[in-house]
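Here is the structure we will look at, set down as C-alpha cells.
The values are calculated or read from the model by the stated rules, or taken from the named source; none is laboratory data. The shown structure was predicted, so the numbers you read here are calculated from the model rather than taken from an experiment. Cβ coordinates were reconstructed from backbone atoms using ideal geometry, including for glycine residues, and neighbour counts include every protein chain displayed.
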Amino acid sequence: MSYNRLLLVLGAMCALAFGVAACGGEEGETSGENTAEESSAAEGGELSGTIRIDGSSTVAPLSEAAAEMFQAENPGVRVTVGTSGTGGGFEKFCAGETDISDASRAIEDDEVAACEENGIAWEEVQVANDGLAVVINPENDWASCLTVEQLKTIWDRGSEVDNWNQVDPSFPDEEMQLFGAGTDSGTFDYFTDAVNGEEGRSRSDYQATEDDNVTVQGVSGSRGGIGYFGLSYVNENEGKIVAAEVDGGDGCVAPSSETVQSGDYTPLGRPLFVYPSDKALQRPEVKAFVEFYIANQQAITEQALFVPMTDEQVTASEEKVASLAGGGS
Amino acid sequence: MSTVDAPIGRGPQSDRVKGTLFRLALLSSLALGLITLIALLADVVISGAARLNGDLLTNFPSGIPENAGAQSAIFGTIWVIGLTGLMCIPVGVGAAIYLEEYADRERWWNRAIELNIQNLAAVPSIVYGILGLAFLVRGAFGLGQVVLAGAMTLALLVLPIVIIASREAIRAVPPSIREGSMALGATKWQTIRRQVLPGAIPGIATGSILALSRAIGEAAPLVLLGALTFITFNPEGLDSAFTVLPIQIFNWISRPQEEFQTLAAAAIVVLLVILLTMNAAAILLRNRYQRKW
Amino acid sequence: MPAAGPDRELMQATDASALSQPAVRPLGRARPRWGERAIQGLLFLCAAVSVVTTVCIVVALVEPTISFFGEVPIGDFLFGTEWAPLFSPPSFGVLPLITATLTTTFVALCVCIPAGLGAAIYLSEYAHPRARKVLKPVLEILAGIPTVVYGFFALTFLTPLLQDVWPGFLGDPPQIFNMLAAGLVMGVMILPTVASLSEDALTAVPQALREGAYGMGASKMQVATRIVVPAALSGIVASFVLGISRAVGETMIVLVAAGGTPNLSFIPTEPGQTMTAFIAAAGIGDQPTGSVGYKTLFAVGSTLFVATLLMNVLSIRLVRKYREVYE
C-alpha cells in the first residue's frame, strides 16, 4: 500500500512543480506567423514581440550579437536564434516558421521555388564580411605565402600531394597533414569554389571536421599541417597556428579585417547574408531589428569576430531592406 | 550477494587460483568504468572550475564570454527532461506490462511489436529528430518548435530502453508470486498492480535512470526540431521556445574564444548535477524496493 | 484426499449454512470485468505507441529514399567503394560508411560486453550490498554524461594518450581522428547499460539456486558462471542487445572523435565516418533540403534501419532458443 501512496505523492509533487513553473512566467509566445496585433505598433512606443532567426551556424554568432545588443535597447522584444544549418534554416524560412534566415551560401533554386510556393518574398541582405584563412603550423617558415595555384595543387580533386616539397621544390621535405571543413558546410563550398574553381571539387583524403577548433588542434600539433577556416578562429588562437598570406594574383596579402573589407584579400573573402521575409518586415520590431543589424554592424561584427562591411555595402543593404519592407509585399 | 560466502572446506589449489583471478578480472571491469568516470569528472571540473559560480545560473547566453550564463538552457533542460520522464515512464511500463502479462506470445503481431521495440533502440537519435520535425512540429500534431514537441521526441527516443528494462524486471518476478495471488482470488490487474509491479520496481527504476540519462545528453535531434542556440528567456509553458544544456555546451565548445571552453566545462558539471538529482528519486525507490526472491 | 476429523465437520457445517443463504455463484463463466478489459486496452495502446513510431519513421524515410534511388542507381549505392556525395563529381558508394560503423561498433563491444558483464557479476555476487547500493548509481553516472563530452574526451585526452603509448609492433600509431578512440569511449559509455541491466537480472535469480549449488560443493566462481549467469541469461542478453543497438546508433562520439572523412577500412587507427556521423552532419549542415546531397541522409538512414532490423531478427531467434524459466 505504501508504494501506492509514494507514487501518489511523487505524482502530486510533479504536478505541483509544473503548476508553479507554468504560472510563474508571463503568457504569450508569438511565432513568426503572428499578425501585427500581437506587437505594438505605436510610434515612439515600446517595441514588443518575438523574432525567430534560424540557419547557418557560421552566421549565428553575428545574429546572436545583434540580438543581444538589440534586446538591451528594446527589452520588450525577444530574439531567438537557432542553428539548423543553412538548408534547414531555409526550409523553415520558406515554410513561414522563421522571420529571418542566416545563410553562409546563396539561396538555391529549390529553395527559391519553395518560398514562392508559400508566398514568401525575401531579400539577400549582407550583414558582414568574412575571410577564409589558410593556416599553417608556427614552425612552418617556408610557406608563409602561398599562391592560389599552389593551393589548388594541394587541394584539388585527385591531388596526391602529401609532402611540401611537391608543392614547390624549394620547400623542405616535410610531410603534409591536411585538415579542413566537413563537406556539409558552407566553408567547404566556398573554399573549393574559390581555390579549385568549382563547389565541391576537392580531394577527399583530408581530415574533415565540423568543429574548427579541432582543425586548430590538428594543425598546431603537426609541423607540416595545413588547414582552412574562418578568420574568427585565427586571432583567438595566436601562437597555436599562423595564417599564411595568399597571393590571389596581386601579391601576397595577409588576411585581416582591413584586407578582407577592402577586397585585397582575394579570392578567399566572402560576404555573409541574412534573408528577412517581407511578411516579417511588416512587423515593426522585425524591421527595427534588421535596420539595427545593419546600422550597428561595426560593433556587431567586432563582437562576433567577423569583418565589417564597407560603406557601399551598408548602403546597399539598407536599400534592400527598405524596398522589401516598403513595396515588397 | 550470496548468503554463503565460501563453500564447505577449501577447494583444490587450482580452483582457488582460478577463483582469485576471476575475481580480479571482475574487479578490473568495474575499475575500468570507475577510473574513466573519475578521469572525465576531474577533467571537466578542473576545466570548468573558474566559471562554476552564480553567474552561470543567473545569466543568459551572450556573445561576450564574461557575461554569458546558461539559465535558459538549465531551465529548458529541466522542463524538457521532466516532461520526457512523465511521458516515457508510464507508457514504457504500460507497454512492458502488456507484452509480458497480456500478450499471447504466439501471435505474430505481438512478436512483431517485440522486434519493433528492439529495432527502435538502434535508430540514431537524429532520425528521431527528423521524425519529430515531420510529425510533431509540423504534420499531424502541428505543435511548433516548442518544449512539448522536444519532450515527446525524446520520450520516443528513450521509450525502448524503458520498455526493455521493465520487461526484464517484470519477467524476473517468479511465477509463483502471480499464481499465489490468483489463487487467492485476485484479478489479473490486481495481481499486477499489487504483486508484480512492486517486485519489478528496481528494474523499472534502472530503466528510467538509463533512459533519462540518455535523454538529458541529446543535442542533435533537438537542434533539428528547432531548439535554439540563443534564447534569453526561460520556458513559460508547454508551447514555449526552448534550448537545452547539451546544445549550449556544443555551441560553446565550438566557439573560438578560450573562455567559452571553460564555460562549456562548467555547464557540463551543472548538467551532471541535474542528472544526479533526477536520478536520485529513482535510486531511492530502487534501494527501498530491492528484494531477494 | 478426503477431509478427516474436525475438517469434515467444518465442511458439513459450512454446507449447512450455505444452504440457508442465497446460493453462491458456482464455478463457471466469470462475469466480464470491464475495468480489466479497459486496462488491457490501455496497456495495448502503450505498446502500440512503438508500432506507430516505427510506421512514422518508415514513412518519413521512405519517400526521400525512393526519390534518392531515382537519381542514384541502387547498385552504385550498395556496392560502391567511395563515399563522396557532396564532392563534384559525386560518388555514392555506402561501403566506407558501413565499414566504419562496423569497426567502431566492434571496438565498443569488445569493451562494454566483457567489462559490463564482469562489473555486473562482481556487483551482484561478490560485492557487499552496501557497496552495491553506492557503486551501481555511480556507474550509472557514466550513462548520463553527454555524448558530446565523450567525443571530446576521446579526441583531446584518449587519442594523444594512445599516440604516446602506442607499441611499435601494432603498426602505425592512431591518427588524430581514429575509430579506436571513438570505439573505446563508446564502449565505456555503454558499459553502465550492460552492467546495470545485467546486474538487475543476476540479482533477481532466486537464492535457492545458489544455495543448492553451494550445498553441492561448488566454488563461488562456479556458482556465478555456471548457475547464476545462465539463469539470468534473458536479462543479460537483453542488455547486450540494448548495448549493441546503442553502439550502432551512436552519433556524437563518432562525429567528434572518428572524424568526417569516409574511409573504406577496418583498421581502427585510421579515421572513418560512420553512417550515423554522416547523417548528423548532413542533418544540421548547409545542404538545401530538397537536394540529392540532403536525400543521402535518408538513404543512409534507411540502410541503417534495415541492417539493424536484420540484426535484431537474428538476435531474437537466438534468445528464444536459450531462454530458460526458473522456479
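Structural remarks
- Some residue of segment B:175-186 being of a type in the set (S, T, N, Q), under 30 Å from C:M275 (Cα atoms) and either buried (at least 24 other Cβ atoms within 10 Å of the Cβ) or within 7 Å of another protein chain (Cβ to nearest Cβ) (or both): no
Residues checked against (1) hydrophobic (A, V, I, L, M, F, W, C); (2) over 30 Å from C:L297 (Cβ atoms); (3) in contact (Cβ under 8 Å) with a residue 12 or more places away in the chain:
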{"site": "B:A186", "(1), (2), (3)": "yes, yes, no"}
{"site": "B:V196", "(1), (2), (3)": "yes, yes, yes"}
{"site": "B:G199", "(1), (2), (3)": "no, yes, yes"}
{"site": "B:T206", "(1), (2), (3)": "no, yes, yes"}
{"site": "B:S213", "(1), (2), (3)": "no, no, yes"}
{"site": "B:A219", "(1), (2), (3)": "yes, no, yes"}
{"site": "B:L224", "(1), (2), (3)": "yes, no, yes"}
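- Hits in segment A:65-90 (condition: out of contact with any strand residue (DSSP E or B) (no Cβ under 7 Å at 6 or more places or on another chain) and surrounded by fewer than 24 Cβ atoms within 10 Å (Cβ to Cβ)): A:E68, A:M69, A:A72, A:E73, A:N74, A:P75, A:G76
- Residue check, C:L297 over 30 Å from B:I204 (Cα atoms), within 14 Å of chain A (Cβ to nearest Cβ) and surrounded by fewer than 20 Cβ atoms within 10 Å (Cβ to Cβ): no
- Filter pass, B:I81 being farther than 22 Å from C:V138 by Cα, part of a helix (DSSP H, G or I), at pLDDT 90 or above and more than 10 Å from chain C (Cβ to nearest Cβ): no
- Scan segment C:183-214 for residues that are surrounded by fewer than 21 Cβ atoms within 10 Å (Cβ to Cβ) and not in a helix (DSSP H, G or I) and the total you get is 1.
- Search result, residues across segment A:199-235 that are without any contact (Cβ under 8 Å) to a residue 60 or more places away in the chain and more than 8 Å from every other protein chain (Cβ to nearest Cβ): A:R203
- Residue match in segment B:162-169 (condition: outside any loop (DSSP other than H, G, I, E, B), more than 7 Å from every other protein chain (Cβ to nearest Cβ) and more than 19 Å from the chain's Cα centre (by Cα)): no
- Just one of the listed residues (C:T261, C:T203, C:T251) is of a type in the set (S, T, N, Q), out of contact with any Leu (no Cβ under 9 Å at 6 or more places or on another chain) and facing chain B (nearest Cβ under 8 Å), namely C:T251.
- Inside segment C:152-184, residues that are within 8 Å of chain B (Cβ to nearest Cβ) and touching a residue at least 40 places away in the same chain (Cβ under 8 Å) make up a count of 1.
- Candidates are the residues of segment C:265-285 that are farther than 22 Å from B:G226 by Cα and touching a strand residue (DSSP E or B) at 6+ places or on another chain (Cβ under 8 Å); the one that is surrounded by the fewest Cβ atoms within 10 Å (Cβ to Cβ) is C:P271.
- Failed criterion for C:Q175 (all others in (1) touching a strand residue (DSSP E or B) at 6+ places or on another chain (Cβ under 8 Å); (2) polar (S, T, N, Q); (3) part of a helix (DSSP H, G or I) hold): (3)
- The residues listed here are C:A100, C:A131, C:A108; of these, the one that is in a helix (DSSP H, G or I) and either within 12 Å of chain B (Cβ to nearest Cβ) or more than 21 Å from C:M186 (Cβ to Cβ) (or both) is C:A131.
- Residue that is surrounded by the fewest Cβ atoms within 10 Å (Cβ to Cβ), among those in segment B:130-147 that are in contact (Cβ under 8 Å) with a residue 12 or more places away in the chain and within 7 Å of chain C (Cβ to nearest Cβ): B:I130
- Some residue of segment C:172-182 being within 19 Å of B:A165 (Cα to Cα), within 26 Å of the chain's Cα centre (by Cα) and not hydrophobic (A, V, I, L, M, F, W, C): no
- Across segment B:219-256, the qualifying residues are those that are within 7 Å of another protein chain (Cβ to nearest Cβ) and part of a helix (DSSP H, G or I), and the one among them that is surrounded by the fewest Cβ atoms within 10 Å (Cβ to Cβ) is B:I253.
- Residue identified as in contact with a Phe, Trp or Tyr (Cβ under 8 Å, 6 or more places away or on another chain), within 19 Å of A:D130 (Cβ to Cβ) and in the same structural domain as A:T83 (by TED's automatic domain parsing) among A:I294, A:I300: A:I300
- When residues of segment B:102-129 are limited to those that are within 28 Å of C:T101 (Cα to Cα) and in a loop (DSSP other than H, G, I, E, B), the one farthest from the other protein chains (Cβ to nearest Cβ): B:V123
- Of the residues making up segment B:34-57, one or more are among the hydrophobic types (A, V, I, L, M, F, W, C), part of a loop (DSSP other than H, G, I, E, B) and farther than 30 Å from C:V194 by Cβ.
- Across segment B:86-115, the number of residues qualifying as surrounded by fewer than 24 Cβ atoms within 10 Å (Cβ to Cβ) and under 20 Å from the mean Cα position of the chain (by Cα) comes to 6.
- Criterion applied to C:G301, C:G259, C:G217 was being closer than 30 Å to A:G82 by Cα and assigned to a loop (DSSP other than H, G, I, E, B), and the one residue passing it is C:G259.
- Of everything in segment A:92-110 that is in a helix (DSSP H, G or I) and in contact with a strand residue (DSSP E or B) (Cβ under 9 Å, 6 or more places away or on another chain), the residue that is surrounded by the most Cβ atoms within 10 Å (Cβ to Cβ) is A:F93.
- Flag for B:I78 being without any contact (Cβ under 8 Å) to a residue 12 or more places away in the chain, of a type outside the set (F, W, Y) and surrounded by fewer than 22 Cβ atoms within 10 Å (Cβ to Cβ): no
- Subset of segment A:168-185 (residues that are in contact with a strand residue (DSSP E or B) (Cβ under 8 Å, 6 or more places away or on another chain) and not acidic (D, E)): A:M176, A:Q177, A:L178, A:F179, A:G180, A:A181, A:G182, A:T183
- In segment A:280-298, the residues that are touching a helix residue (DSSP H, G or I) at 6+ places or on another chain (Cβ under 7 Å) and touching a residue at least 40 places away in the same chain (Cβ under 8 Å): A:A280, A:L281, A:Q282, A:R283, A:V286, A:F289, A:V290, A:F292, A:Y293, A:I294, A:N296, A:Q297
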